[in-house]
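The values are calculated or read from the model by the stated rules, or taken from the named source; none is laboratory data. Owing to the predicted nature of the structure, the values given are computational and were not obtained by experimental measurement. Positions of Cβ are backbone-derived with ideal geometry, glycine not excepted, and every protein chain shown enters the neighbour counts.
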Amino acid sequence: MWNARLAKQLGSQGQMAIHPTQVERINAAFLPTVAEIALATHVVEAFNQAEAEDMATIQLDGQFIDYPIVEAAQCQLAVAEALEQRRIAESAAVGLKSQGARQIPGRYRGSV
């Protein structure tokens, strides 16, 4: 979805969907890329080191880095971590289903 990628580039953190089939594509568009995760990690690590040396701003790879930039990088890393944990949980759930484990009925799963 080109509009989801554009929204991400403009700083949005999400997009509404009018149909469930759109959710997967929207989520994929907002996922941090490997390059974005690497950059965010680099920024956070460099800033943490600078902070230990009592500096509140740094220049990294020709760019000015301060608290708002670091907070944005930390958010990207948190999103990446949360999505990885979700992927692991979903993989485990699929594994349980394939082993024939009984699913516990839930309020919104069509059973009571």
Given (1) modelled with pLDDT under 90; (2) loosely packed, with under 14 Cβ neighbours inside 10 Å; (3) not basic (Lys, Arg), Ala29 misses just (2)
In region 20-56, residues that are among the charged types (D, E, K, R) and not in a helix (DSSP H, G or I) total 2
Within region 32-55, residues surrounded by fewer than 10 Cβ atoms within 10 Å (Cβ to Cβ) and farther than 15 Å from Gln76 by Cα come out as Ala52, Glu53, Asp54
Pairing a residue in region 1-12 that is assigned by TED's automatic domain parsing to the domain that holds Ile26 with any residue that is assigned to a loop (DSSP other than H, G, I, E, B), where Cβ atoms lie under 6 Å and the two sit 6 or more apart in sequence or on different chains, gives Ala4/Gln15; Ala7/Gln15
When region 59-112 is checked residue by residue, the ones that are modelled with pLDDT of 80 or more, part of a helix (DSSP H, G or I) and among the β-branched types (Val, Ile, Thr) are Ile69, Val70, Val79, Ile88
